[in-house]
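To start, the structure itself, in structure tokens.
A short reminder: the numbers here are calculations on the coordinates, not readings from a lab. Note that the coordinates shown come from a computational prediction; the quantities given were computed from them, not determined experimentally. Every residue, glycine among them, receives a Cβ derived from its backbone with ideal geometry; neighbour counts consider all protein chains shown.
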Amino acid sequence: MMTTVALKFGRRMNTALRSSNLLYRSSSSFLLSANFLIQIPLTRKMSTDAHNIASQLNSSGLLRTQGLIGGKWQDAYDGKTIKVYNPSTGESIADVACMGGRETNDAISSAFDAFKSWSKTTAAERSKLLRKWYDLLMAHKEELAQLITLEQGKPLKESLGEINYSAGFIEFASEEAKRIYGDIIPAPQSDRRLFVLKQPVGVVGAITPWNFPLAMITRKVGPALACGCTVVIKPSELTPLTALAAAELSIQAGIPAGVVNVVMGNAPDIGDALIASPQIRKITFTGSTAVGKKLMAGSAETVKKVSLELGGNAPCIVFDDADLDVAVKGTLAAKFRNSGQTCVCANRILVQEGIYDKFANALLEAVQSMKVGDGFSEGVAQGPLINEAAVKKVDSLIHEATSKGAKVILGGKRHSLGSTFYEPTVITDVDNDMLISRQEAFGPVAPLLRFKTEEDAIRIANDTNAGLGSYVFTNSIQRSWRVAEALEYGLVGVNEGVISTEVAPFGGVKQSGLGREGSKYGMDEYLEIKYVCLGNMNKD
Ligand code: NAP
């Protein structure tokens, strides 16, 4: 049986779909017409059906390749495009608009105009629209997850998890919109009344990375919109399709034109335009510490409010008294989620000497059992890295560590599946001075460090400029409190490897960032506090 579906993808999508395992049976039915329509065969045996991906994305209008400015889908003004690649195969899957400063300035103007009316809507109105957006994200969960796997590479199961997590921020924001309360303060003078109003900051520039193509957007845009702000989003050029699909759903939800704008392409130009504009009152950024510092410095010129979610160097501390199974399971999740490409991935696994060998062997066995492959293949737990540069970085960190005495007990080399795949790796005898302990590896390598005492563990864990995620495995309630309090980190997981949720505050200390996302605390980032004093209240 063969059904055809017209897609607006670029010509190379054909090859990409075929070789990314989306299409199991290569078929003579691939026809490219002058306007790049392609045919997708229905015949395949995977649980995620290629026909469904194509036809659902197409019919729900979720396949977008232009930027969104003032409610209109726009090409780059000079017609330039940029390719989006499937990291699993390295082939391009779409050509999207490659925008820069001019488009960004127009997006800012649209957001500025929209702010005038959006900020005056009632909390109930904003809440309803956000709820509708949440409903649509969940209704299109499967297609969005497939899109994430296609452009980011993570296993489909993880992509589905990301949709739940991402949509959760919109749902939470829709509820929290109604609870943006001010205060009445008892006045020190009898003829005065003192009020505190909370008001939206204004137009927000939101710059996001590729590793969570949807979640990093919704956890900024949800609270921003709930508070009455409007946004200009700049997703990573590596994963813009998910961002554009989410923006399309915001339109379908009825969120007014100009409230959500998306530009992508030339990152420095877009970043410069956002920073230079006095109409942008807030920059919220998730990404590398280096870029975050630039944005923070640039924002000083117009004194913008800034939130930064930057890189981490998470310690995962396993004490002798830990439950071995819980520690291995938790470490596996903390380390290997998204093939090690999250800011809260365990970067250094500190293991107490009494349990070190046992833990190393058990972790090795668990890591060995993970299937590596294309994110659409059944049972795959480890997908590709985002690009070959990421593979090279992991490889060089492992080489530097082994040249200084670390031992590879599993993996330690590129995977035969292709240039973006790396074998899940465990290395022992790592110390805290090796580069692998100083930098974010952002890949599937678990470096095991040995420590003697609780004090040693805390000292080593805190010996870094980063302070985002951290993990502790112990069966002692007293120790878990002591260590959690002593760790200089914004997040601590005790006997848990995955702790992020929309209802709790997420963010780092030291050079891992400023501000928090998620929870009631995440709302404050998009609000200004205004003090109003009513005087002469005793006069009739
Ligand atoms: P990145 O290179 O800093 O990129 C992040 C975003 O910034 C992308 O949209 C990128 O655009 C943009 N960008 C790059 N240069 C810019 C500039 N000069 N001006 C304005 N924007 C600019 O980081 P990444 O490699 O995508 O992401 C990985 C990093 O993000 C890791 O360090 C990870 O720990 C961190 N991260 C942190 C969190 C957190 O919550 N703390 C969460 C996820 C990731 P292009 O991609 O289009 O170039």
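Results, tabulated for the structure shown:
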| quantity | calculated |
| --- | --- |
| Convex hull volume per residue for segment 292-397, taking Cα atoms only, in Å³ | 162 |
| Per-q log10 I(q)/I(0), segment 75-171, q = 0.14, 0.18, 0.22, 0.24 Å⁻¹ (Debye; single scatterer per alpha-carbon; no solvent) | -0.82, -1.05, -1.04, -1.04 |
| Residue order, fewest to most surrounding Cβ atoms within 10 angstrom, among ILE217, ILE251 | ILE251, ILE217 |
| At q = 0.19 Å⁻¹, base-10 log of I(q)/I(0) for segment 250-317 (Debye sum, equal scatterers on each alpha carbon) | -0.83 |
| Gained length - TYR77 relative to LYS157, 0.36 nm times residue gap less alpha-carbon distance | 25.0 nm |
| Built amide H within the under 5 Å cut-off of LEU417, gap 5+ | none |
| Neighbour-count order for MET99, MET296, MET434, fewest beta carbons within 10 angstrom listed first | MET296, MET434, MET99 |
| Total formal charge among the other residues, if their Cβ is under 10 angstrom from that of GLY379, Lys/Arg +1 and Asp/Glu -1 | +1 |
| Surrounding net charge for ALA276, when Lys and Arg each add one and Asp and Glu each subtract one, Cβ distance under 12 Å | -2 |
| Kirkwood hydrodynamic radius of the chain, Cα pairs, Å | 24.3 |
| For segment 325-344 versus segment 259-276, the gap between their alpha-carbon centres in whole angstrom | 33 |
| Normalised contact order of the chain, rounded percent, pairs of Cα under 8 Å and 6 or more residues apart | 16 |
| Per-selection Kirkwood Rh - segment 165-283 (Cα, Å, 1 d.p.) | 15.7 |
| Karplus 3J(HN,Hα) series, Hz, for segment 529-540 with 6.51 cos²θ - 1.76 cosθ + 1.60 (x for Gly, Pro) | 9, 10, 9, 10, 10, 8, x, 6, 7, 8, 7, 7 |
| Rg and Dmax [Cα atoms of segment 383-437; Å; Rg one decimal, Dmax integer] | 11.1, 32 |
| Semi-axis lengths, Å, segment 235-355, gyration tensor of Cα atoms, sqrt of 5 times eigenvalues | 38, 20, 12 |
| Inter-label distance, nm, simple model (7 Å from Cα along the C-beta direction), LYS293/ARG438 | 1.4 |
| Estimated D of segment 309-356 in µm² per second, where Rh is the Kirkwood radius over Cα pairs and Stokes-Einstein applies at 4 °C, 1.567 mPa s | 116 |
| Cα pair count fraction exceeding 15 Å, expressed as % - segment 79-134 | 69 |
| Protection proxy ranking, peptides 183-196, 519-532, average beta carbon neighbours within 10 Å, highest first | 519-532, 183-196 |
| Ascending count of other beta-carbon atoms within 10 Å, so fewest first, for LEU324, LEU448 | LEU324, LEU448 |
| Intensity falloff of segment 162-209 expressed as log10 I(q)/I(0), Debye formula with alpha-carbon point scatterers, at q = 0.14, 0.22, 0.25, 0.26 Å⁻¹ | -0.62, -0.95, -1.03, -1.05 |
| Sequence-distant residues sharing a close amide H with ILE185 (under 5 Å, placed H) | LEU194, PHE195, VAL196 |
| Normalised convex hull volume, segment 417-462, alpha-carbon set, Å³ per residue | 81 |
| Euclidean distance between Cα centres, segment 129-204 to segment 446-524, Å | 24 |
| Segment 448-540: mean projected area of Cα convex hull, nm² | 10.1 |
| Amide H contacts under 5 Å for VAL351, placed H, 5+ residues apart | VAL318, LEU449, ARG450, PHE451 |
